[in-house]
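Participant: Shown below is the structure under consideration.
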Amino acid sequence: MKRLLPLLLIASAMLLSGCAIEPWVKPYERAALADEVMSNDRNPLVDDYMDHVREVREGSRGATGAAGGGCGCN
Amino acid sequence: MRYLTLSRHSFCIAFVFLMFGLLNEAHAGVLPEDRADALYHRYDGGGEIVGGWSATFRKKIGENVDFNGSYDVDMVSSASIDVVTAASPYKEKRQQYSAGFQYLHGKTTYGVSGLKSSEPDYLSNNISYSIKEDMFGDLTTVTLGFTRGRDHVRQHVVDKATHTDTFSDKFLEFGNEVTPRADRRNYRVGVTQILTKKLIATVNYESQAMQGFLRSPYRRVRYGDANSTSISYQSELYPHTRTSNAIGLESRYYLSYRASIKIGYRYYTDTWGINSHTGDVQYVHPFGENWLSEWSLRYYTQKKASFYSDLFPYADAQNFLARDRELSTMSDYSFHFGLERKWKFTQKVFVKASFFYDRIQYDFKDFRNNLNSKLAPANQPLYKYGSNVFMLQGSLGF
């Protein structure tokens, strides 16, 4: 297993670097993903305000996506 | 040792391959389109009315830099259960300003922003940094973020002799004066992944470390016999540190008749003993080219902080004492509806008018309604209330 680990790491890296060249969803296949009905930040001001409403009345906060990953589909 | 050497080599190779993969990205990323929004909002529930408005703008300078700013003002008129039972109803204004910029270099977007929030008895200054990278053929977006915030807490005191308003930041705990400041550090990691032509998923992780004066100077805990109406009060006493971790997962799927459905879940835990689960589902449905509606349901439940109690048996019963209903065992569920009308003039230029409504119902499992002081705590009903939130928004794309 110890000897396999470096090989697995190299294989993973090759696969990942390969993904950069050959994405399995091509840019011209992302029309549905780019549609505004798929957007998570269509109304950022409303999302920020509702996050604030919840944060001051609940004991939890964070990881709501307000400062999260975004989307690489545009 | 041989294993370690091999591992180091393989890590170096992996790093080179990864960098090779990243550098192979031929075309650059893009910054968000120029946009301005104005929002009127009103919250009404639990004796609290908060009305106000917000405005924000984002403007690109060339293709690689954009500037953004926002302003928010709230007028708070509060007669909440805490305020009515411990102090006098009040009105106050909170203002918040933020400004920032983003710089795009290749596939990487660097962001810096500052935020200042002020109300008569609470000041907060924050600075945020973020790095966003599109990778693997733009299938994956990784965002790293860090926010540092510093707060200054004061207590509004009315001088009964002169009827003038004063503010104090001298607080005593265990007989010693404590600094009225708090320090916050937030660390964020987000990964958005395109999974199929119609499915996208996001994982967000956020850790927050807080240190300093973390309680309200106004709120009190109560102690005494649960079957007696003779109840005494003392100030809350909180730990001076709090570390929290939250992980959120959400996934959005495109429905073939041009609509989308989103499912989200968040788990939260902190060193005060609070654990919470949040689940939500959203459906977005357009009508024709110009109208769009959104419908959401959200459920939230949490376990109380370890030092929370609705009623303590006697004074100084614990090292730390809280009767803040946000720290109690509670749940809430909400319904959200939104309707948008868009007028598109060119690919970029549009005007949009939107209306949103949220109904939120809060249920507390160990926080009793003590508005009727003639009832002994054991006979007081558990507290619950509903809130209505209305929002009207105007947006301009340019």
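Participant: What residue among B:Ser77, B:Ser306, B:Ser373 has the largest mean-square fluctuation in a Gaussian network model of chain B, using Cα springs under 10 Å?
Facilitator: B:Ser373
Participant: Okay, moving on. Do the alpha carbons of any pairs in B:Lys60/B:Lys107; B:Lys198/B:Lys303; B:Lys93/B:Lys170 sit beyond 26 Å of each other, and which pairs?
Facilitator: Working: B:Lys60/B:Lys107 17 Å; B:Lys198/B:Lys303 36 Å; B:Lys93/B:Lys170 23 Å.
Where the Cα-Cα span goes over 26 Å, the pairs concerned are B:Lys198/B:Lys303.
Participant: Moving on to the next point. How far apart, in nanometres, would the label points at B:His163 and B:Asn388 be if each is projected 7 angstrom from Cα along the Cα-to-Cβ direction?
Facilitator: Distance between the two pseudo-spin positions: 3.5 nm.
Participant: Can you give the net charge of the other residues whose Cβ lies under 14 Å from the Cβ of B:Glu289, counting K and R as +1 and D and E as -1?
Facilitator: So the surrounding residues net to +2.
Participant: Next question. As I understand it, the value is the acute angle between the Cα axis of helix B:2-23 and the longest principal axis of the Cα atoms of chain B; what does it come to in degrees, rounded to 10?
Facilitator: Orientation of helix B:2-23: about 70 degrees from the principal axis.
Participant: Just from its helices, what would the mean residue ellipticity at 222 nm be for the protein assembly as shown, if runs of 4 or more DSSP H residues each count -39500 (n - 2.57) and the sum is divided by every residue, rounded to the nearest 500 deg cm²/dmol? Write down the numbers at each step before the final one.
Facilitator: Details: 5 runs with 62 residues, N = 472.
Per the formula, -4000 deg cm²/dmol.
Participant: Where in the stretch B:216-245 is the amide nitrogen less than 18 Å from a point lying 7 Å along the Cα-to-Cβ axis of B:Gln155?
Facilitator: Hits in the stretch B:216-245 for B:Gln155 at 18 Å: B:216-223, B:232-240.
Participant: Do you know the relative contact order of chain B, to the nearest whole percent, from alpha carbon pairs under 8 angstrom that are 6+ apart?
Facilitator: Values: 1013 pairs, mean separation 47.4, N = 398.
Reported relative contact order: 12 percent.
Participant: Give me the inter-chain shielding for B:137-150: mean count of other chain Cβ atoms within 10 Å, whole number please. Don't skip to the end; give the middle numbers.
Facilitator: Values: counts 11, 9, 10, 6, 6, 3, 5, 1, 3, 1, 1, 0, 0, 0.
So the per-residue partner count for this stretch is 4.
Participant: Could you point to the residue in B:Ser328, B:Phe67, B:Ala317 farthest towards the positive end of chain B's charge dipole, with +1 and -1 charges on the Cβ of Lys/Arg and Asp/Glu respectively?
Facilitator: Highest projection toward the positive end goes to B:Phe67.
Participant: For the stretch B:304-331 and the stretch B:121-182, write down the distance between their C-alpha centroids in whole Å.
Facilitator: The distance from the Cα centre of the stretch B:304-331 to that of the stretch B:121-182 comes to 23 Å.
Participant: Which FRET efficiency value, to the nearest 0.05, is calculated for B:Asn176 and B:Tyr129 with the Förster distance at 35 angstrom and r the Cβ-Cβ distance?
Facilitator: Numbers: r = 35 Å, r/R0 = 1.01.
With R0 = 35 Å, the Cβ-Cβ based efficiency is 0.50.
Participant: Report, as an integer, the average count of C-beta atoms from other chains found within 10 Å of each Cβ along B:285-293. Don't skip to the answer; put the middle values down first.
Facilitator: Working: counts 1, 3, 0, 0, 0, 0, 0, 3, 0.
Taking the mean over all residues of the peptide, I get 1.
Participant: Using the structure shown, select from B:Lys116/B:Lys348; B:Lys59/B:Lys352; B:Lys91/B:Lys304 the pairs with a Cα to Cα distance greater than 24 angstrom.
Facilitator: Going by Cα-Cα distance, B:Lys116/B:Lys348; B:Lys91/B:Lys304 fall outside the 24 Å limit.
Participant: When the dipole is taken about the Cα centre of the stretch B:256-398, and only Lys, Arg (+1) and Asp, Glu (-1) are charged at their Cβ, what size is it in debye, to the nearest 20? Intermediate results must be reported in sequence, preceding the final value.
Facilitator: On the way: 18 positive and 13 negative charges, 94 e Å.
Roughly 460 debye for the stretch B:256-398.
Participant: Sum up the charges of everything whose Cβ sits under 10 Å from the Cβ of A:Ala32, counting Lys and Arg as +1 and Asp and Glu as -1, but leave A:Ala32 out. Write down the numbers at each step before the final one.
Facilitator: Details: positive: A:Arg30, B:Lys197, B:Lys198, B:Arg258; negative: A:Glu29, A:Asp35.
For residues surrounding A:Ala32, the net value is +2.
Participant: Might you report the magnitude of the Cβ-based charge dipole of chain B about its Cα centre, with Lys and Arg at +1 and Asp and Glu at -1, to the nearest 20 debye? Provide the component values of the computation, followed by the final result.
Facilitator: Numbers: 48 positive and 41 negative charges, 135 e Å.
The calculation lands at about 640 debye.
Participant: I want to check the label-to-label distance for B:Tyr218 and B:Ser118. Put each point 7 Å from Cα in the C-beta direction and report it in nm to one decimal.
Facilitator: That separation, rounded to one decimal, is 2.0 nm.
Participant: How large is log10 I(q)/I(0) at q = 0.08, 0.12, 0.13 Å⁻¹ when the Debye formula is applied to the Cα atoms of the protein assembly as shown, each weighted equally and without solvent?
Facilitator: The calculated log intensity ratios at q = 0.08, 0.12, 0.13 Å⁻¹ are -0.57, -1.15, -1.30.
Participant: Here is a follow-up. B:Lys342: which aspartates and glutamates have alpha carbons under 15 Å from its alpha carbon, excluding same-chain residues fewer than 8 sequence positions away?
Facilitator: Reachable aspartates and glutamates: A:Asp35, A:Glu36, B:Asp37, B:Glu289, B:Glu294.
Participant: On a full-extension model of 0.36 nm per residue, what is the gain between B:Ala87 and B:Phe337, subtracting their alpha-carbon distance, rounded to one decimal in nm?
Facilitator: Numbers: separation 250, 0.36 × 250 = 90.00 nm, distance 3.55 nm.
Contour length minus the Cα-Cα distance gives 86.5 nm.
Participant: Just subtract the alpha-carbon distance of B:Leu144 and B:Val65 from 0.36 nm times their residue separation and send over the number in nm, one decimal. Walk me through the intermediate numbers first.
Facilitator: On the way: separation 79, 0.36 × 79 = 28.44 nm, distance 1.87 nm.
Gain on stretching B:Leu144 to B:Val65: 26.6 nm.
Participant: Of B:Arg298, B:Arg150, B:Arg188, how do they rank once you tally other Cβ atoms within 10 Å and put the fewest first?
Facilitator: Details: B:Arg298 19, B:Arg150 14, B:Arg188 24.
Final ranking by Cβ density, sparse to dense: B:Arg150, B:Arg298, B:Arg188.
Participant: For chain B, state what percent of all Cα-Cα pairs lands in each successive 20 Å bin, counting from 0 Å until the bin that includes the largest distance.
Facilitator: 19, 53, 24, 3, 0
Participant: Using a basic spin-label model with each label point 7 Å from the Cα along Cα→Cβ, how many nm lie between B:Tyr314 and B:Leu199?
Facilitator: With each label placed 7 Å out from Cα toward Cβ, I get 6.1 nm.
Participant: Could you tell me which of B:Leu375, B:Gln282, B:Ser395 has its Cα farthest along the dipole of chain B towards the positive end, charges placed at Cβ (Lys, Arg +1; Asp, Glu -1), taken about the Cα centre?
Facilitator: The residue sitting most towards the positive pole is B:Gln282.
Participant: Magnitude of the Cβ-charge dipole of the protein assembly as shown, K/R +1 and D/E -1, about the Cα centre, nearest 20 debye? Write down the numbers at each step before the final one.
Facilitator: Values: 56 positive and 51 negative charges, 154 e Å.
Roughly 740 debye, rounded to the nearest 20.
Participant: Using the Cβ atoms and a cut-off under 10 Å, what net charge is assigned to the surroundings of B:Gln208, where Lys and Arg are +1 and Asp and Glu are -1? Display every interim value, and only then the final one.
Facilitator: Numbers: positive: A:Arg61, B:Arg184, B:Arg185, B:Arg188, B:Arg242; negative: B:Glu206, B:Asp270.
Cβ neighbours under 10 Å give a net charge of +3.
Participant: For an R0 of 35 angstrom, estimate the FRET efficiency from the Cβ-Cβ distance between B:His240 and B:Phe355 and round to the nearest 0.05.
Facilitator: Numbers: r = 43 Å, r/R0 = 1.24.
About 0.20, to the nearest 0.05.
Bear in mind these aren't lab numbers, they're just calculated from the coordinates by the rules spelled out. Every value quoted in this text rests on a predicted model; they were computed, and no experiment measured them. Here the Cβ is made from the backbone with ideal geometry for all residues, glycine too, and neighbour counts use every protein chain on show.
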